[in-house]
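**Student:** Here you go, one structure.
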Amino acid sequence: MDKKTIILISIFGSILLLLLVRACFLFKDHEHQFGEWTIVQEADCTNTGLKVRECKECGDKQEFVIAKAG
């Protein structure tokens with residue numbers, strides 16, 4: 001690669017990194033708006049289950065372990 005290409009890739013990468021960091025700060029301090037719980041794994045007599053929900057704004061996830069059914 002020539003010098004111009006390397007410089008352009010470096011600049012583009014730096015801008016992309018700054019945008020990603022800024023996006024993290026934008027979503028960092030907000031009140032989560034979680035959706036409905038979705039059951040990923042049903043609990044049964046021998047295994048615990050798992051349900052999850054996701055914030056509609058930032059995509060942060062919460063998990064909840066469902067106790068064994070017996």
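**Student:** Within the range 35-54, can you find the residues that are hydrophobic (A, V, I, L, M, F, W, C), under 11 Å from residue 65 (Cβ atoms) and more than 21 Å from the chain's Cα centre (by Cα)? Lay out the reasoning, then the answer.
**Tutor:** Start the filter on the range 35-54 by keeping residues that are hydrophobic (A, V, I, L, M, F, W, C), which leaves 37, 39-40, 43, 45, 50, 52.
Keeping just the survivors that are under 11 Å from residue 65 (Cβ atoms) gives 40, 43, 50, 52.
Passing the criteria: only 43.
**Student:** Starting from residues that are in a loop (DSSP other than H, G, I, E, B) and among the aliphatic types (A, V, I, L, M), keep the ones in the range 52-70 and report whichever is nearest to residue 20 (Cα to Cα). Spell out the reasoning first.
**Tutor:** Filtering the range 52-70 down to residues in a loop (DSSP other than H, G, I, E, B) leaves 56-60, 67-70.
Next, only the ones that are among the aliphatic types (A, V, I, L, M) stay: 67, 69.
On the way: 67: 38, 69: 43 Å.
Here the residue is 67.
**Student:** Okay, moving on. Taking the range 7-32 as the search range and keeping residues that are assigned to a loop (DSSP other than H, G, I, E, B) and open to solvent by less than 90 Å² (accessible area, probe 1.4 Å), which one is modelled with the lowest pLDDT?
**Tutor:** In the first step, residues of the range 7-32 are kept if they are assigned to a loop (DSSP other than H, G, I, E, B); the result is 29-32.
Next, only the ones that are open to solvent by less than 90 Å² (accessible area, probe 1.4 Å) stay: 30, 32.
On the way: 30: 76, 32: 85.
Of everything passing the filter in the range 7-32, 30 is modelled with the lowest pLDDT.
**Student:** Would you check which residues across the range 53-65 are under 15 Å from residue 33 (Cβ atoms) and either in contact with a strand residue (DSSP E or B) (Cβ under 9 Å, 6 or more places away or on another chain) or open to solvent by 70 Å² or more (accessible area, probe 1.4 Å) (or both) and list them?
**Tutor:** Of the range 53-65, the ones under 15 Å from residue 33 (Cβ atoms) are 53-62.
The answer is 53, 54, 55, 56, 57, 60, 61, 62.
The values are calculated or read from the model by the stated rules, or taken from the named source; none is laboratory data. These figures come from a predicted structure and were not determined experimentally. No Cβ is skipped: glycine too gets one built from the backbone with ideal geometry, and neighbour counts run over all protein chains shown. To get the accessible areas, we keep the full protein, side chains included, count just its heavy atoms, and leave off ligands, DNA and RNA. Shrake-Rupley method; radii C 1.70, N 1.55, O 1.52, S 1.80 Å.
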